[in-house]
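Report on the structure given below.
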Amino acid sequence: MGVSCSQHLISKEIRFMPRSLKKSNQQFRLASSSIPLGVTSNFRYWGEDKTIYVSHGKSARLWDLDDNEYIDYRLGYGPAILGYAHDEVDAAARAGMETGGVFALATEKEFTVAERISKMVPAAELVRFSNSGTEAVMAALRLARAHTGKECHVMVEGGYHGVFSEVLWGVDLDGWDPSQGEPVLGAESAGIPSVLKELVRIVPLNDANRVEDLFKQEGNKIAAFLIEPMMGNCCSITAEQSYLQDLRTLCDQYNVVLIIDEVKTGFRVARGGVQELMGVKADLCTFAKAVANGYPISVVAGREDIMRQVCDSVVHGGTYTAHSVALAAAEKTLEIIDTTSVLADIANYGNALQQGIGTMLNSRGIAHSFVGHPSMGGLFFDATPPTNYRDWVKTNYAFYESLAPVLHDHGVLVEPDSREPWFLSSAHDEICLSDTLERFERAVDITLEKTPPNNNKNVGH
Ligand code: PMP
């Protein structure tokens, strides 16, 4: 699924022309009159004159209303693992339309897709479908509480698990000074009941002693430990294998349900997700983004005894669960991921991209490191890769944040926030690679004129 030659010629022509967002800006003003911030997810708002409105996407590229073409490394935060408008997946989705939508009744395909997931992910003994990552994590937490009879949950600093109130808690590192003690836990949105704070505990990644101390003190209250072992929302900072092993042991010891949130890593970093990559088995796990190449479906899966709580007393469901279109798209996407070399191809592209970027940065003496997996790699401007969220403040994220808009102007779309990894798809091809490296080099040189590369200070965010 590469871009055609003619598309490439277009991209060459427009490559270094100054970017106009005139139509996007107009659309922003129009949309803002009906839609708060002019967008339907807060993260899509990049500022009054920077918010992008998409015309369409194809393969690894998307085009905005002003006809600016971008090689996309956001991919909607990960879903389009096979590239946008993938012919086979879309054909399957169209066939799914013929089925008729949703019926508040089950269809056969639910079993075939569930069976494929259980085959790919050994921890997924039983499977239920939801619509979004948020819903899947909500279900997992409820199952964990029902199973253990306990109510609190632990999360990891820098993790993200969706937009529901129990998980929108975190430590605020903006302007945090490590010499002044622990960062403070707070709600990440207004409107979250303060009473929920009693349910939430938060620990830094890769410190098993902290977990042990917490479990010793409060293990009798803690139902679940919720973790992204490769933090897809914190530049792919990754758990050490020994940490995960300790975590597994501690969860068993204290009857805490280990929930591995694979909404970003699932069916991406390996067929069996981060669990396969790191040799760890969750009690419950959640999937969403890559499951159906962008069609809305998510998965909560796990140990039979925990999942069978729904046969007893746990409510799970929803009008749109297992919609025939999303399910058909999931069936095709997972078949492709399971039976072809796409994941290895994506990783190869990622390795080549990191190598090219690394060579270029080295030649300019710019300290940097990569973390995570090549298919969703984090780029840091510091020679020492971070091992937890607190380390991120020591990196020169100011340089990244100056570089990102310049990359946008050169037709390379990355998240403006340095905490988001670069997502790759099987549609990123050789042309994308050479174009990206060329544009990246230019963008770095332009950025260097404005921002010093190695001021690794906590300058506030
Ligand atoms: N968990 C993780 C790890 C995520 O990355 C996200 C979304 N970025 C979610 C949960 C929530 O998923 P959704 O946006 O589909 O509700």
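The values are calculated or read from the model by the stated rules, or taken from the named source; none is laboratory data. Everything numeric in this text was worked out from a predicted model, so none of it was measured. Virtual Cβ from ideal backbone geometry, glycine too; neighbours counted across all protein chains shown. Just so you know, the surface numbers come from the protein's heavy atoms only, side chains and all, with ligands and any DNA or RNA stripped out. Shrake-Rupley method; radii C 1.70, N 1.55, O 1.52, S 1.80 Å.
Of note:
- Taking the centroid of alpha carbons for each part, segment 149-176 and segment 183-230 are 7 Å apart.
- Spatial extent of the chain: Rg and Dmax, with the Cα atoms as the point set, Å: 21.9, 64
- When both segment 252-269 and segment 335-380 are represented by their alpha-carbon centers, they are found 24 Å apart.
- Overall form of segment 307-392: oblate. Here a/c, set by the Cα gyration tensor axes a ≥ b ≥ c, is 1.5 or more, and a/b is not larger than b/c.
- Coarse-grained scattering of segment 254-299 at q = 0.21, 0.32 Å⁻¹, given as base-10 log I(q)/I(0) from a Debye sum over alpha-carbon atoms: -0.65, -1.14
- Backbone HN-Hα couplings from phi across segment 300-311 [Karplus 6.51/-1.76/1.60, Hz, Gly and Pro as x]: 10, 8, x, 4, 4, 5, 7, 4, 6, 4, 5, 6
- 44, 128, 145, ranked by accessible area, largest first (probe 1.4 Å): 44, 128, 145
- Estimated translational diffusion coefficient (Stokes-Einstein, Kirkwood radius over Cα pairs, 10 °C, 1.306 mPa s) of segment 164-276: 103 µm² per second.
- 222 nm mean residue ellipticity, helices alone, for the chain (DSSP H n ≥ 4; -39,500 (n - 2.57); rounded to 500): -12000 deg cm²/dmol
- Each 10 Å bin from zero holds the following percent of Cα-Cα pairs in segment 339-461: 13, 47, 32, 7, 1.
- Rounded to the nearest Hz, the phi-derived 3J(HN,Hα) couplings of segment 84-93 under the Karplus curve 6.51 cos²θ - 1.76 cosθ + 1.60 (θ = phi - 60°) are 5, 6, 6, 4, 5, 5, 5, 5, 5, 5, where x marks glycine and proline.
- Counting only protein heavy atoms and a 1.4 Å probe, the chain has 41 square angstrom of accessible area per residue.
- Dipole of the chain computed with +1 at Lys/Arg Cβ and -1 at Asp/Glu Cβ about the Cα centre; of 229, 354, 71, farthest Cα towards the positive end is 71.
- For the chain, a simple Cβ point-charge model (Lys and Arg +1, Asp and Glu -1, everything else neutral) yields a dipole of about 340 debye relative to the Cα centre.
- Carbon and sulfur %, accessible surface of the chain computed with the full protein complex present, 1.4 Å: 51 percent
- Residues with amide H under 5 Å from that of residue 373, placed H, sequence gap 5 or more: 378
- Accessible surface ranking that places the most exposed of 90, 64 first, with a 1.4 angstrom probe: 90, 64
- Residue (of 413, 396, 383) at the positive-pole extreme of segment 369-424, dipole from beta-carbon charges: 383
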